[in-house]
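The values are calculated or read from the model by the stated rules, or taken from the named source; none is laboratory data. What you are looking at is a predicted structure, and each value in this text was computed from that prediction instead of being measured. Virtual Cβ from ideal backbone geometry, glycine too; neighbours counted across all protein chains shown.
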């Protein structure tokens, strides 16, 4: 069974957030994903190093220090792979939770009958 790490989940969220919104700032990402600005910066840099996103200057912005984050073909593939893994992980978690709820329900019913 797949074991999705928190960092993988955060990277997936960043790849999803950047898909179609290239002019998002790291501060915007951090706020949207409810992570620290440092964590957003770390993940962005890791994604750049892996070749999943590329960084370009956003010359048309009034904020001349702004950047565009563009998903590369490898980044799009990584987003798809992480999404598949995330779905698999969540489905397995759902099945486990259903079983846990059923077990608790049985125990509760047994206790009530006593």
task = Using the structure shown, decide if residue 107 is free of Cβ contacts under 8 Å to residues at least 40 places away in the same chain and either within 16 Å of the chain's Cα centre (by Cα) or exposed (fewer than 10 other Cβ atoms within 10 Å of the Cβ) (or both).
result = no
task = Count, please, the residues in the stretch 10-40 that happen to be assigned to a helix (DSSP H, G or I) and exposed (fewer than 15 other Cβ atoms within 10 Å of the Cβ).
result = 6
key: Options 76, 87, 53, 48: the member that is surrounded by 16 or more Cβ atoms within 10 Å (Cβ to Cβ) and modelled with pLDDT of 90 or more   = 53
